[in-house]
Structures are given as structure tokens and as C-alpha cells.
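Enquirer: I'd like to ask you about the structure that follows.
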Amino acid sequence: MTVEELVRRLGEQGLDVTEQAIAYKAERGSLVLHVLRSRSGRATRVDLKGYDNFLSEPEFKKATEISVVRELSREEAREQHLGKVSRQIWFGADHDREGQLACSVFDACIKRMMDGREAGQDESPPSISVTIRLSRDLVETLDRERRALERELRGIEVTRESAIRFLLHEALEARAKR
């Protein structure tokens, strides 16, 4: 993922993006994203302000556990001259699961901006529950994939439901790219 692609994603959502000396900035209300520039053009980090409550949701908790999202204390932010930045999204290689998760977190942050919700407001994401019957073969395949995800994520427990959501998301993204 490149810096240019992240900035394009912001623009496609109708957000005004301001070019600054070391970053591109998008803000809406108290929510602010800084996409840091890099010499290579590759996305490495996005700084977040105002996302504290949103980042307690399950998708962000998992990202925090595997260091895709890093929490900063006020002291750390001050030491690094980052002002009120409280979280950072770190991008790995595009093809690895951590890189894909970082992109998903970035997209979720944009969605929060577009929803117009600010910290402290209703945080429940729109969702639906679906009940389906799966063959034993498919359940066994899902469990193999779930175990593979756990190995890739360095031993973090992945529930069957999380694995299904992740694999469904991957399949839909792959289909959209065709």
C-alpha cells in the first residue's frame, strides 16, 4: 500500500485532504488522520487523534494485540512531538495478513469519519447476525484456516467466528479485484 493510495481512499470518500510538510491530513469533527509521507512512497504509518473509544471495538483490539495498531500514552506522544496522537496504524507488507489488517483498520477509521460520529457517541457498528448450516468438510476447512491464522498471528487465539469474518472479507476483496 502506498501513501498515494491511502490519500486517494480519503479523497474518494469526499474528505478534504490537506498536504503538510511530513504528512497528509484529513479531519472531521474531533477525528483526525495523518498519513505520513515516506521517501519510498510506501505507507508505513498513520497517526490517529480522537479515535480512543472506537479502538476498543473487536477489530481494533485484535489489531492492537499484534501491533498493527499501537497505543501511545500522552507522555510518549509528547516525547515524539506528536501532539494529541493517541494511536498509530503500522503498515507491514501488503501481501501479509498484518498489512491487510492495517488496511482494514484504516478503512474502518475512514468509515468512522464518514459516519460523523465522534468519540463518546454511539459506537456500535452496524451489523447483522446470520445463521447458516455448513457441511462438516467446510467446518474442518474453516478450522484448518483458523489454526493457520493463529500461527501467522503468533499464537493469538482466533475464534471460528473471527476466522469466518476474515476469510469472507478476503474472498470479497479478491472477487472485487477481478
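Enquirer: So which pairs qualify, if the first residue must be in segment 135-157 and within 19 Å of residue 98 (Cα to Cα), the second must be modelled with pLDDT of 85 or more, the Cβ gap must be under 7 Å, and the two must be at least 6 apart or on different chains?
Expert: 145/167
Enquirer: Return the residues of segment 129-178 that are surrounded by 10 or more Cβ atoms within 10 Å (Cβ to Cβ) and β-branched (Val, Ile, Thr); say none if nothing qualifies.
Expert: Once the filter is applied, which keeps residues that are surrounded by 10 or more Cβ atoms within 10 Å (Cβ to Cβ) and β-branched (Val, Ile, Thr), segment 129-178 yields 139, 141, 156, 158, 159, 164.
Enquirer: For residue 146, indicate whether it is at pLDDT 75 or above and not in a loop (DSSP other than H, G, I, E, B).
Expert: Yes: the conditions hold for residue 146.
Enquirer: Assuming residue 35 fulfils every condition listed in (1) at pLDDT below 85; (2) within 19 Å of residue 113 (Cα to Cα); (3) crowded, with 18+ Cβ neighbours inside 10 Å apart from one, which condition is it?
Expert: (1)
Enquirer: Taking only segment 10-27 into account, find how many residues are more than 18 Å from the chain's Cα centre (by Cα) and not in a loop (DSSP other than H, G, I, E, B).
Expert: 4
Enquirer: Does any residue of segment 19-30 turn out to be under 14 Å from residue 106 (Cβ atoms), modelled with pLDDT under 80, in contact with a strand residue (DSSP E or B) (Cβ under 8 Å, 6 or more places away or on another chain) and outside the structural domain of residue 159 (by TED's automatic domain parsing)?
Expert: There is no residue in segment 19-30 that is under 14 Å from residue 106 (Cβ atoms), modelled with pLDDT under 80, in contact with a strand residue (DSSP E or B) (Cβ under 8 Å, 6 or more places away or on another chain) and outside the structural domain of residue 159 (by TED's automatic domain parsing).
Enquirer: What's the number of the only condition in (1) modelled with pLDDT of 75 or more; (2) not in a helix (DSSP H, G or I) that residue 127 fails to meet?
Expert: Failing condition for residue 127: (1).
Enquirer: Looking only at segment 44-59, decide whether some residue is modelled with pLDDT under 85 and of a type in the set (Phe, Trp, Tyr).
Expert: yes
The values are calculated or read from the model by the stated rules, or taken from the named source; none is laboratory data. As the structure is a computational prediction, the values presented were derived from the model and not from experiment. All Cβ positions, glycine included, derive from the backbone under ideal geometry; neighbour counts span all protein chains shown.
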